[in-house]
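Visitor: Okay, here's the structure, questions in a sec.
Just so you know, all these numbers are worked out from the coordinates, no wet-lab data involved. Because the structure is predicted, anything quoted here is derived from the model rather than measured. Positions of Cβ are backbone-derived with ideal geometry, glycine not excepted, and every protein chain shown enters the neighbour counts.
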Amino acid sequence: MAAAVRGLWRWLGLHRSEARAGYLFVAPGTLFILVFVFVPMVAGLVLSLFHWDMLTSPIFMGLRNFRMLLDDPLFLAALRNTFYFACVSAPIAVGFGLVLAIVINEPWIRGKTAFSTIYFIPVVMSMVAAALIWRWIYDSQFGLLNALFKLMGLPPQMWLVDPQWAVPAMMVVSIWKTVGYNLVIYLAGLQGIPGTLYEAAKIDGASRTRQLLHITLPLLRPTTLFVTVMAMIQSFQTLDLVYVFVGERGPDQNSILAVYDIYLTAFRSYRMGYASAQAVVMFFSIMVFTSLLVKLFSEQTE
């Protein structure tokens, strides 16, 4: 009996030491998330109830900042443009990444690493550098795109000013920038699918289309959920692209996105409380979209 008790105490001591080691390993990451994620979130939520210009003392306003959002045409337009931007560019980027990954993953394709590297170069490129390159491409007088239009006998377009083309022009840059990331993630997902499933499907006489629809796509659902959520969040948080494209001439209701409007409100108008209310609305918008995506993919899995 005494030996059993001593053994139990030794076992508990071992597990306590392992627990302490585990806590030490996760402490830096937990502290980082606490200081740079949760504390700013709570501070932003509290600040959204105040009027504060960073120079005078905060003045409590309750929900008045949120009521003012309903009468702010620029923020409503920015919110509408952001939803349009995210709901179009993110699915296209995910779809292109999936198609490219399926093609590159074919056994007869040579140089898979080279192809993946080429498509991944825009991902590692700074968004500011990419936006400057595309701003030159879109330039109404000296841009490459309008030069091609002239060669084809088409009239030049004001890509970054025309209300019809301002947001789609930014979508093209966002898609070009993120396709490579989705491609690499999808390639990893495809390489994780056991080859025996395809061999069994071939023996049963399944065509390539049926293998794609009943093996590849269902087993890639977790990967698709991940890249879709990441693409949506990145689209909602787009700032530097808009800043480079429209920063000098100022915002308008045709080309502004929500995060850029928040930046202008906070650091140009110094209305930190109102900007915090805008950020809270964006946070809950992203949370709702993410929850809907998770629910959608969960229902498909069931």
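Visitor: I'd like to know which of L63, F25, F38 lies farthest towards the positive end of the charge dipole of the chain, counting +1 on Cβ of Lys and Arg and -1 on Cβ of Asp and Glu.
Guide: F25
Visitor: Among the complete DSSP H segments of the chain, which ones combine at least 15 Å of alpha-carbon extent along their axis with a mean Kyte-Doolittle hydropathy of 1.0 or more? Write out the running numbers ahead of the final one.
Guide: Numbers: long enough: 2-33 (45 Å, 0.49); 73-104 (46 Å, 1.84); 112-124 (18 Å, 1.22); 127-138 (16 Å, 1.39); 166-191 (38 Å, 1.24); 221-236 (22 Å, 0.96); 272-301 (43 Å, 1.14).
Qualifying helices, which must be both long enough and hydrophobic enough, are 73-104, 112-124, 127-138, 166-191, 272-301.
Visitor: For the chain, what does -39500 (n - 2.57) per DSSP helix run (n ≥ 4), summed and divided by total residues, give at 222 nm, in deg cm²/dmol to the nearest 500? List each step's numbers first, then the result.
Guide: On the way: 14 runs with 214 residues, N = 302.
For the chain, the value works out to -23500 deg cm²/dmol.
Visitor: In percent, what relative contact order does the chain have, based on Cα pairs under 8 Å that are 6 or more apart in sequence?
Guide: Numbers: 302 pairs, mean separation 87.7, N = 302.
Averaging sequence separation for qualifying contacts and normalising by length gives 29 percent for the chain.
Visitor: I need the peptides 156-164, 78-86 ranked by packing, meaning the mean over residues of other C-beta atoms within 10 angstrom, with the highest value on top.
Guide: Output ranking for 156-164, 78-86: 78-86, 156-164.
Visitor: Once Lys and Arg get +1 and Asp and Glu get -1 on their Cβ, which of F284, G205, C87 lies farthest toward the positive end of the dipole of segment 71-301?
Guide: The one lying farthest along the dipole's positive direction is G205.
Visitor: With just the Cα atoms of the chain, tell me how far they stretch along each of the three principal axes, in Å, largest first.
Guide: Principal extents (largest minus smallest coordinate, Cα): 85, 65, 33 Å.
Visitor: With the crude spin-label approximation of a point 7 Å out along Cα→Cβ, what separation in nm comes out for F66 versus E199?
Guide: Taking the simple label geometry, F66 and E199 are separated by 5.9 nm.
Visitor: Rank S207, S48, S291 by mean-square fluctuation in a GNM of the chain with C-alpha springs under 10 angstrom and give only the top-ranked residue.
Guide: S207
Visitor: Let me ask you something else. Lysines near K202 by alpha-carbon distance under 26 Å, same-chain residues fewer than 8 away left out - which ones?
Guide: K112
Visitor: Based on Cβ point charges of +1 for Lys and Arg and -1 for Asp and Glu, what charge dipole magnitude is obtained for the chain about its Cα centre, in debye rounded to the nearest 20?
Guide: Approximately 740 debye in magnitude.
Visitor: So how far apart, in nm, are the two label points at S126 and S285 if each is 7 Å from Cα heading toward Cβ?
Guide: So the two model labels end up 2.8 nm from each other.
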